[in-house]
Amino acid sequence: MENTGINTKFRFDHNRKVRNFMCGIIGYTGNKQVKDIVLDALTLLEYRGYDSAGMAVSVPEKPTKIIKCAGRVTDLRKLCESNEIEGTCGIGHTRWATHGGVSDENAHPHKSGKITVIHNGIIENYSELTRKYDLQDKLRSQTDTEVVAAVLAHHFTGDPFMAIVKTVSEIKGTFSLGILFEDNPDTIYAVRNVSPIVAAFCDTGALLASDVTALCKYTKEYFVLPELHVAELKPHKITVYDLNGKEVAPEYITMDWDVTQSEKNGYPFFMEKEIMEQPEAIRKTIMPRIRNNLPSFEADGIPDSLFTESKRICVVACGTAMHSGLVGKSLIQSMINIHVDVVLASEFMYTNPVIDEDTLVIAVSQSGETIDTLEALKFARKKGAKRLAIVNVKGSTITRECEQVIYTYAGPEIAVASTKAYTTQLAAFYLIACRMAYLKGTFDEEKAESFMRELQKVPAMMEKVLDRRDIIHKIARKLVNARDLFMIGRGLDYSTLLEGSLKLKEVSYIHSEAYASGELKHGTIALITEETPVIALVTQACIVLKEVSNIREVQARGARVFLLIKEEYASSVTDKFEESFTLPDMEDDFMVMPASVALQLIAYYVSLDKGLDVDKPRNLAKVVTVE
Ligand code: M6R
């Protein structure tokens, strides 16, 4: 490729704030029919966004065929059945709308002239470009993506690479683009800034995707397209160029997921399957990190100095991942007596965080792509903080923003509601807390070994909860008609309930609030009536008596209380409850694990019994790349 001579650098300020869509992208070129490959991949990628779907297939010497619609991938599948689609090279997209409403027209792909585009991201200067190229009356959709297609078409004079480079030099924002040029019917081009793209070979051709979930059926070796590089995928060759036209060798990564992990395997929903997979996921996450009965991050390449030299810890994360940080904070503060802040990544910048070279910033993320967490990390980098990621997806953007990574081995998590990713994040915090306590001398060897023995009991204790899930289902049946619900607890129980409550609201649409029991009297108890069921969690010796008093207070206001209690403490609470469930005994610090499984099951069964789409709750997407 010749040097393009185009200055593309000045357009991109990597430190500025970015926003983008949360869409799924797939591309295939090879010797198989592309339609089936695209539809299967879009089904797997649907968790990234599910308000519309579409595909484009190259047809030699004919216009590229586009099929798209508002709705789910199943709707697209039906459309494909009634249309003749033949071809071995094509691209597909599943959308979570932010720019332009949900409509057939706004669904991707978008075509202009001979160029067809799918896009994940946001083009910030789309209106400027619309004016510059006089596109006002020519665009059919309200999307910025169609503007990119038009700019590409404007610059295309026969050389796809040059058209891409010229377009990239003009657009501002975040993007991963999959592009078809009609004159090159066996080739897919891709380019990205911030938004991820992975690519790989398989037995029958070459693939690109927005994440590895779509690839694991076909291959284990893949690479992440570097930012501001162009990939050219042909059936037998993938070439990567920088924007000056210099060929770059991609760095291949081996994934440790297998195809069965991204299938339902007989379960009605991924959420149930993923809840059931937790004992195994915990084993996989902790066992490789136990050496001589002590926690070890040697295999992760993490030096002990990371833990011994940090004076403060700051956890940044969103949603469920943030809730794992709250548990991590309690553990680390009580075991090591070091200050830990847990900050919502989306609020991080606005809290004037006090971080410096002595601070260890721990970013927690299942996907490794959450934009707020990424932005918080970039801020931390500028302040000179050390950065450690706890992430599930290998090679994801957040892992590349951190010096050190602890991978959770949860395997692919497809349900939008996070379950096994959460408990494996917790497992990582137990390991970190114990390693730190041992290194800093607050735990001697014996105590650290005993802590690790207890951690290894977690999978079996989770199994005990899972085995009695019919009792939990009975509780859930009584909650199905609730409009509002409270979850109350103290200390670690309160942190556990924050996650349990998020789970319930996101999959069941019941308004659920987790409340620190002691805080109820300061206002919130005014909302308690016979219409508001209360779930109370009691697993910590130090709070049993106080918690029982708080439970009586809500019962006195008519609330039906559903009690989740550690078996050991059950006999000391003789009150009557609407329902109760005993959690298997572990040391108090570990009770968050079995309790979380019980709360996940409550959320799951309520959603199931309400007949909702458990895996794809309304308005949500699995990977949140919008600020
Ligand atoms: O991929 P991440 O862990 O960074 O995602 C963070 C949150 O978006 C995520 O945990 C979200 O809260 C889940 N849907 C909750 O179940």
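The values are calculated or read from the model by the stated rules, or taken from the named source; none is laboratory data. Since the model is a prediction, treat every value here as computed from it, not as a measurement. Methodologically, a virtual Cβ is constructed for each residue, glycine included, from the backbone with ideal geometry; neighbour enumeration extends over all protein chains shown. Note: areas computed on protein heavy atoms with side chains; ligands, DNA, RNA excluded. Shrake-Rupley method; radii C 1.70, N 1.55, O 1.52, S 1.80 Å.
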Can you work out which of the residues in the range 322-339 that are within 16 Å of the ligand (Cβ to nearest atom) and open to solvent by less than 10 Å² (accessible area, probe 1.4 Å) is nearest to Thr424 (Cα to Cα)? Ser324
Index of the failed condition, Val364 passing every other in (1) among the aliphatic types (A, V, I, L, M); (2) closer than 27 Å to Leu466 by Cα; (3) part of a strand (DSSP E or B); (4) away from the ligand (no atom under 14 Å from the Cβ): (4)
Against the definition (out of contact with any helix residue (DSSP H, G or I) (no Cβ under 6 Å at 6 or more places or on another chain) and open to solvent by less than 20 Å² (accessible area, probe 1.4 Å)), how does Ile528 come out, yes or no? no
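To keep it simple, each residue is scored yes or no on (1) outside any strand (DSSP E or B); (2) open to solvent by 50 Å² or more (accessible area, probe 1.4 Å); (3) under 18 Å from Tyr28 (Cβ atoms).
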{"position": "Pro63", "(1), (2), (3)": "yes, yes, no"}
{"position": "Leu76", "(1), (2), (3)": "yes, no, yes"}
{"position": "Leu79", "(1), (2), (3)": "yes, yes, no"}
{"position": "Asp104", "(1), (2), (3)": "yes, yes, no"}
{"position": "His108", "(1), (2), (3)": "yes, no, yes"}
{"position": "Thr116", "(1), (2), (3)": "no, no, yes"}
{"position": "Thr145", "(1), (2), (3)": "yes, no, no"}
{"position": "Ala149", "(1), (2), (3)": "yes, no, no"}
{"position": "His154", "(1), (2), (3)": "yes, yes, no"}
Going by what's in this entry, would Ala190 be described as at pLDDT 95 or above and assigned to a helix (DSSP H, G or I)? no
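Here's the yes/no breakdown for (1) at pLDDT 95 or above; (2) assigned to a loop (DSSP other than H, G, I, E, B):
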{"residue": "Cys216", "(1), (2)": "no, yes"}
{"residue": "Ala231", "(1), (2)": "yes, no"}
{"residue": "Gly245", "(1), (2)": "yes, yes"}
{"residue": "Trp257", "(1), (2)": "no, yes"}
Mind checking whether some residue in the range 476-484 is buried (at least 23 other Cβ atoms within 10 Å of the Cβ) and in contact with a strand residue (DSSP E or B) (Cβ under 9 Å, 6 or more places away or on another chain)? yes
Residue list for the range 495-523, restricted to those being farther than 21 Å from Ala556 by Cβ, part of a helix (DSSP H, G or I) and open to solvent by 20 Å² or more (accessible area, probe 1.4 Å): Leu498, Leu502, Lys505, Glu506
In the range 386-404, the residues that are more than 11 Å from the ligand (Cβ to nearest atom) and buried (at least 24 other Cβ atoms within 10 Å of the Cβ): Leu388
Filter result (of a type in the set (A, V, I, L, M) and assigned to a strand (DSSP E or B)) within the range 339-360: Val340, Val342, Val343, Leu344, Leu360
Selection from the range 607-625 of residues that are in contact (Cβ under 8 Å) with a residue 24 or more places away in the chain, more than 12 Å from the chain's Cα centre (by Cα) and part of a loop (DSSP other than H, G, I, E, B): Lys610, Leu612, Val614, Asp615, Lys616, Pro617, Arg618
